[in-house]
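Since the structure comes first, as C-alpha cells, the remarks are kept for the end.
The values are calculated or read from the model by the stated rules, or taken from the named source; none is laboratory data. Predicted model, so just to flag it, every value in this text is computed and none were measured. Ideal geometry is used to build each Cβ from the backbone, glycine not excepted, and the neighbour counts take in all protein chains shown. We work out accessible area using only protein heavy atoms, side chains counted, and drop any ligands, DNA or RNA first. Shrake-Rupley method; radii C 1.70, N 1.55, O 1.52, S 1.80 Å.
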Protein chains: 2
Amino acid sequence: MSTTSDAQSQLLGLVAYASLSAFEQTAAASAIAPQVEQKLVLGRLAAQRFTHLGRLEATLAAAGGDVTRAMAPFVTPVDGFNHHTRPEDWAQALVKLCVVGGLVADFAAEVAPHLDEASRDILLGSIDDGELAAEPGRMLSGALAAEPEAAGRLAMYARRLLGEALSQAQRVCAAQPVLTEQLTGRAGQGGEDLAAIGDLMARLAGHHAARLAEIGLA
Amino acid sequence: MSTTSDAQSQLLGLVAYASLSAFEQTAAASAIAPQVEQKLVLGRLAAQRFTHLGRLEATLAAAGGDVTRAMAPFVTPVDGFNHHTRPEDWAQALVKLCVVGGLVADFAAEVAPHLDEASRDILLGSIDDGELAAEPGRMLSGALAAEPEAAGRLAMYARRLLGEALSQAQRVCAAQPVLTEQLTGRAGQGGEDLAAIGDLMARLAGHHAARLAEIGLA
C-alpha cells in the first residue's frame, strides 16, 4: 500500500516536472515563432500545459504531498535532456515539440494499463492537449514545405532527441525502482526488470521512427 | 467617434502584444530559474499574462476586431526591444522583468486619466499581476544579495533597457498618431504634440531611476 502510494506520488512528480518542462519549451517556441498567429497558438498551448501542472499540484497537496519535493528526483534528468537538445532555430523547436509530444503520448499509452484508475486519469489528463494537439505538427509541415532542404538536418536532430530521451529515461529507471516497477506492471515484484524496460524502450523507439517517417524526417 | 474607436482598438492591440511579450519573457525567465520553486512562481505569472491576452482577444472579437490585426503595428517595436535587450543570464532576466513591469505600470498610470472608462479598465486589468506582482523584485533582491558584485553590470543593463524602451516608444508615437493623441490626452486636437510626449518620457525615466535606486541598481 505504501509502495503504491509512493509510486503514485513519484508518477505525479514526474508528470508535473515534465509538464513544467513542456510549458517552458512551448513558450520558448512561441518566442521565436515567425508569425504572430503561431505565437498565439503556441502561447495557448504553453499556458494550457501550465494549467495541467496546477492541477497536479492540487492533487498532490490534497494527498498531503508537495509538488516541489515530488518533482525533485526528475529535475536533473529532464533538465539534462533539455540542455543537450536545445533547439537552434524555429524548425528544431517544432521538431522537439513533435518528437517529445509523441514520445510522451506513446509512453503514457504503454504504462497506462499498469496504473490504478486515479493515476491513469491524472497521467492521461495531464498530457491531453485537446484541439491544440495537432498544431506543432501542422507548423512543422509548413516549415518543411518552405525549406525542404532542412529535412536531413532535422532528421538528425530528431534522432538525437530520441537518444537523449532514452538515456535520461534509463537514468530515471535506475534511480526510481519503485516507480519503474509500477510503470512496467511489476509492482511489488522487486528488483529491476531490465528486459521489461528494454522492451518498452524498443517499442517507444519504433513508434518514434514511424512518426518521423510520417512527418518526412526518416 | 471613429477616432476614439480606432484609438481604443490600437490601445487593445498594443496591450495585447505587450502581454504576449510579457508572457514570453516571463516564461523564458522561468526556463533559466535556478530553483524549481522560482520556476513554479514565474510559470504561474507567465500563464496569467497569457490569460490577459485571451481576455483582450475576446474584447476585440466582441467589437468585430481581430487581435492579430490589432497587434500588427506593435510587432516590430516590441520585438526590436526584446531583440536588443536579450537577457544573458538569470539576474538580467529578473532585471528586465522588474524594469519592464515598472515602466508598464508607470505608463499605465500616466495615460489612464486620458482614457474612457472601458479602455482604462482593460489597460489596468491587463497589467494587474495580483499577488505575483512583487515576486520578480523579491527574486532579484535574492540574486543581488548572493552576488553583490553584479550590481554595476546590472545597473548598466537596466539603463540600456530604459534607452531601448524609450526609443521604441518614440517609434510607436511617430507611427500611431491617433493612439498617441489619445494617450497624451489630446484626442481630436490633431498633430503630434512632441512636448507632451517628451514630458511623459521624462517622467517615465524619472520613475525608472527612482525604482533602480530602491533596488540598489542606481
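The A-B contact accounts for approximately 1800 Å² of buried accessible area, totalled over both chains at a 1.4 Å probe radius. Packing-based ranking of B:178-186, A:132-140 yields B:178-186, A:132-140, ordered from highest to lowest mean Cβ neighbour count within 10 Å.
At what distance in angstrom do the alpha carbon centres of the stretch B:194-218 and the stretch A:1-41 lie from each other? The stretch B:194-218 and the stretch A:1-41 have Cα centres separated by 38 Å.
Interface burial in the stretch B:4-27 reaches 50 Å² or more for B:Phe23, B:Glu24, comparing the full protein assembly with the chain by itself; accessible area from heavy atoms with a 1.4 Å probe.
Taking Lys and Arg as +1 and Asp and Glu as -1, the other residues whose beta-carbon sits under 14 Å from that of B:Ala18 total -2. For chain A, the residue among A:Ala145, A:Gln10, A:Ala210 whose Cα projects farthest onto the positive side of the dipole built from Cβ charges is A:Ala145. Inter-chain Cβ neighbour count for B:67-73, averaged per residue, equals 2 (cutoff 10 Å, partner chain atoms only). With label points defined 7 Å past Cα in the direction of Cβ, position A:Ala72 shows copy-to-copy spacings of 5.3 nm, given to one decimal and shortest first. Among the residues of B:49-57, the average count of other protein chain beta-carbon atoms within 10 Å of the residue beta-carbon is 3.
Each of A:Val172, A:Ser119, A:Ala105 was scored by the projection of its Cα onto the charge dipole of the stretch A:85-218, and the greatest displacement toward the positive side belongs to A:Val172; charges sit on the C-beta of Lys, Arg, Asp and Glu. Across peptide A:39-47, the average count of Cβ atoms from other chains found within 10 Å of a residue's Cβ is 6. With all protein chains in place and a 1.4 Å probe, the accessible surface of chain B carries 56 percent carbon and sulfur. Quick check: from the Cα gyration tensor, does the stretch A:71-127 come out rounded (a/c under 1.5), prolate or oblate? Because a/c hits 1.5 or more and a/b fails to exceed b/c, the stretch A:71-127 counts as oblate. The residue among B:Ala63, B:His83, A:Leu194 whose Cα reaches farthest toward the positive pole of the charge dipole of the protein assembly as shown, with charges on the beta-carbon of Lys, Arg, Asp and Glu, is B:His83.
Taking the longest Cα principal axis of chain A as reference, the axis of helix A:2-32 is set at about 10 degrees. In terms of its C-alpha gyration tensor, the stretch A:1-119 comes out prolate, because a/c is 1.5 or above and the ratio a/b outweighs b/c. The helix-only estimate of mean residue ellipticity at 222 nm for chain B, built from DSSP H runs of length n ≥ 4 each weighted as -39500 (n - 2.57), is -27500 deg cm²/dmol after division by the residue total. Across chain B, the relative contact order, built from alpha-carbon pairs under 8 Å that are at least six residues apart, equals 27 percent. Averaged over its residues, the stretch B:69-218 has an accessible area of 48 Å² per residue, based on protein heavy atoms and a 1.4 Å probe. From the Cα gyration tensor of the stretch A:82-178, with a ≥ b ≥ c the square roots of its eigenvalues, which class applies: rounded if a/c is under 1.5, or else prolate if a/b is larger than b/c, or else oblate? Verdict is oblate for the stretch A:82-178.
Here the chain A residue lying nearest the rotation axis onto B, judged by its C-beta and given with the distance in whole angstrom, is A:Ala27, 2.
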